[in-house]
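Data first, discussion second: the structure below is written as structure tokens.
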Amino acid sequence: MWMLKRYLKRVGSRYIMTAIHQFVAGFSGGDAISNEARVMRAIFRDWGYESAIFSESKRILPQLRNEAVDVSLAASIIGQDDIVILHLSIGSVVNEIFKTLPCKKIILYHNVTPSHYFDLINKSTAYSLADGRRHVEELAGVADLVLADSRFNADELVAAGYGEVGVLPLVLDLEKLKDSVNKRAVKRFDDGLKNILFVGRCAPNKCIEDLVQAFYYYNKYVEPASRLIHVGSFAGVERYYYLVMAQARELGLENVYFAGSVPQDQLNAYYSISDLFLCMSEHEGFCIPVIEGMVHDVPVLAYESCAVPETMDGAGVLFAEKKYEAIAEMMGELSSDTPLRAAVLKGQRERIARYENRNLAEELRQLLAQLLAK
């Protein structure tokens, strides 16, 4: 309770707040929603509002417990004049608490991965995702303002009966991608091999098995001196991780490296030594690593699914079918010094410039203007 004092102001015998708070299903060091919540908290504080991040205590990374507040305390400290933003992405008790609060409410929708991807991998995750879909239906009409981080996600809410939905791209801190680079990782992997990279959780919807299959054709028929690097947590999806590992062994692939979850300087290192970013994912509400790859001037080749084309915004190269031989040929073109690679990189730099030239903090203020005025 001691940490809440920084968010509270004593008036007479009661506490009052003027605040913009955020609810997240989990709070950790590297996931997209946690990172956006941090950036938005800094924006709100810069505007002069008190701002805290609430989550279930058991879902807050232990070393980050001084950065977040247990959501079970929310009802006792959030007043009717406060604003709460729910980052909606999975079934969680935070969604249920959000629904009962008497404050002004905003939903920011990040999409919910279809549960069937996890039915045979992790039943608990599958149940949480199914709950998330149920919560999406139940929360229609609850919020004063509804936002989504892509038009793809917004259209899904409109179809679910949410009415008007605003679009605000993920508010990212791109500067952290340009900070320190782990020199040890660079030395280890910058060895002359062509490095094919994918960043994202080792989850079934990311289709890591398709990534391995495409790399097999590239490694066997296009560029034998190559390596596949996957960066992303496999916590809770160990069964899937071992299946993919077994697939790589059966295909006789030696240069497949699963880095797991890594700190930012190592992630920066992997981007810096990569020749191509390959995404085979079938379900993305935004896909931040596509943007990260472009920031690091790595050509992006991605499967045309969900919000990925919207995030790429005309840059990189998209493919509509998973024809591995054709994908491998394109991998060869983009990972080598070709006119196509040069043209793709030029287009990606222009796409990043468009993103960086947007004042997303001001766009956020305009979207919230009516509630802030009240």
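The values are calculated or read from the model by the stated rules, or taken from the named source; none is laboratory data. Predicted model, so just to flag it, every value in this text is computed and none were measured. All Cβ positions, glycine included, derive from the backbone under ideal geometry; neighbour counts span all protein chains shown.
Hey, residue 253 hits all of (1) in a helix (DSSP H, G or I); (2) of a type in the set (A, V, I, L, M); (3) crowded, with 16+ Cβ neighbours inside 10 Å but one; which does it fall short on?
All conditions pass for residue 253, except number (1).
Are there any strands (runs of 3 or more DSSP E) wholly within the range 269-346 with 3 or more residues that are in the same structural domain as residue 226 (by TED's automatic domain parsing) and surrounded by 21 or more Cβ atoms within 10 Å (Cβ to Cβ), and if so which? Step through it out loud before you land on a result.
Working: elements: 276-279, 300-303, 317-319.
Answer list for the range 269-346: 276-279, 300-303.
Checking residue 137 against (1) closer than 24 Å to residue 104 by Cα; (2) within 21 Å of the chain's Cα centre (by Cα); (3) not aliphatic (A, V, I, L, M): exactly one of these is not met. Which one?
Status for residue 137: all satisfied but (2).
Considering the range 256-268 alone, what residues qualify as being surrounded by fewer than 23 Cβ atoms within 10 Å (Cβ to Cβ) and among the hydrophobic types (A, V, I, L, M, F, W, C)?
256, 258, 259, 262, listed by residue number.
Being touching a residue at least 60 places away in the same chain (Cβ under 8 Å), assigned to a helix (DSSP H, G or I) and not assigned by TED's automatic domain parsing to the domain that holds residue 287, is that true of even one residue in the range 130-138? Before the answer, list the steps.
Here is the first cut: in the range 130-138, the residues touching a residue at least 60 places away in the same chain (Cβ under 8 Å) are none.
No, the range 130-138 has no match at all.
From the set of residues in the range 354-374 that are among the hydrophobic types (A, V, I, L, M, F, W, C) and loosely packed, with under 12 Cβ neighbours inside 10 Å, which is farthest from the chain's Cα centre (by Cα)?
The qualifying residue farthest from the chain's Cα centre (by Cα) is 373.
Mind checking which residues of the range 103-123 are touching a residue at least 24 places away in the same chain (Cβ under 8 Å), polar (S, T, N, Q) and more than 11 Å from residue 89 (Cα to Cα)?
The one that is touching a residue at least 24 places away in the same chain (Cβ under 8 Å), polar (S, T, N, Q) and more than 11 Å from residue 89 (Cα to Cα): 122.
Can you give me the ranges of the strands (runs of 3 or more DSSP E) entirely in the range 142-246 with at least 2 residues that are assigned by TED's automatic domain parsing to the domain that holds residue 110, touching a residue at least 40 places away in the same chain (Cβ under 8 Å) and within 17 Å of the chain's Cα centre (by Cα)? It would help to see each step written out before you state the result.
Values: elements: 145-148, 194-199, 226-231.
Once the strands (runs of 3 or more DSSP E) in the range 142-246 are filtered for at least 2 residues that are assigned by TED's automatic domain parsing to the domain that holds residue 110, touching a residue at least 40 places away in the same chain (Cβ under 8 Å) and within 17 Å of the chain's Cα centre (by Cα), what remains is 145-148.
Could you list, in sequence order, the residues of the range 41-56 that are polar (S, T, N, Q) and either assigned to a loop (DSSP other than H, G, I, E, B) or more than 18 Å from residue 84 (Cβ to Cβ) (or both)?
Of everything in the range 41-56, just one residue is polar (S, T, N, Q) and either assigned to a loop (DSSP other than H, G, I, E, B) or more than 18 Å from residue 84 (Cβ to Cβ) (or both), namely 51.
Considering only the range 233-252, state which residues are touching a Cys at 6+ places or on another chain (Cβ under 6 Å) and modelled with pLDDT of 95 or more. Steps first, please.
Taking the range 233-252 first, the residues touching a Cys at 6+ places or on another chain (Cβ under 6 Å) are 234, 237, 241.
Across the range 233-252, the qualifying residues are 237, 241.
It is to be established whether one or more residues within the range 179-195 are more than 30 Å from residue 251 (Cβ to Cβ) and small (Gly, Ala, Ser).
yes
Go through 45, 59, 151, 38 for me and flag whichever is over 24 Å from residue 365 (Cβ atoms) and either aliphatic (A, V, I, L, M) or surrounded by fewer than 21 Cβ atoms within 10 Å (Cβ to Cβ) (or both). Can you show your working first?
Numbers: 45 fails: over 24 Å from residue 365 (Cβ atoms); 151 fails: over 24 Å from residue 365 (Cβ atoms); 38 fails: over 24 Å from residue 365 (Cβ atoms).
Being over 24 Å from residue 365 (Cβ atoms) and either aliphatic (A, V, I, L, M) or surrounded by fewer than 21 Cβ atoms within 10 Å (Cβ to Cβ) (or both) holds for just one of 45, 59, 151, 38, which is 59.
Quick one: in the range 112-129, of everything that is of a type in the set (A, V, I, L, M, F, W, C) and not in a helix (DSSP H, G or I), which residue is surrounded by the most Cβ atoms within 10 Å (Cβ to Cβ)?
Narrowing the range 112-129 to residues of a type in the set (A, V, I, L, M, F, W, C): 112, 118, 120-121, 126, 129.
From what is left, the residues that are not in a helix (DSSP H, G or I) are 112, 120-121.
On the way: 112: 23, 120: 12, 121: 17.
In this case the residue turns out to be 112.
Working only within the range 174-214, note down all residues that are small (Gly, Ala, Ser), on the phi > 0 side of the Ramachandran plot and crowded, with 19+ Cβ neighbours inside 10 Å. I'd like the intermediate steps shown before the answer.
Step one: of the range 174-214, the residues small (Gly, Ala, Ser) are 180, 185, 192, 200, 203, 214.
Now drop any that are not on the phi > 0 side of the Ramachandran plot, which leaves 192, 200.
Across the range 174-214, the qualifying residue is only 200.
In the range 239-294, which residues are of a type in the set (Val, Ile, Thr) and within 29 Å of residue 114 (Cα to Cα)?
244, 256, 262, 288, 290, 291
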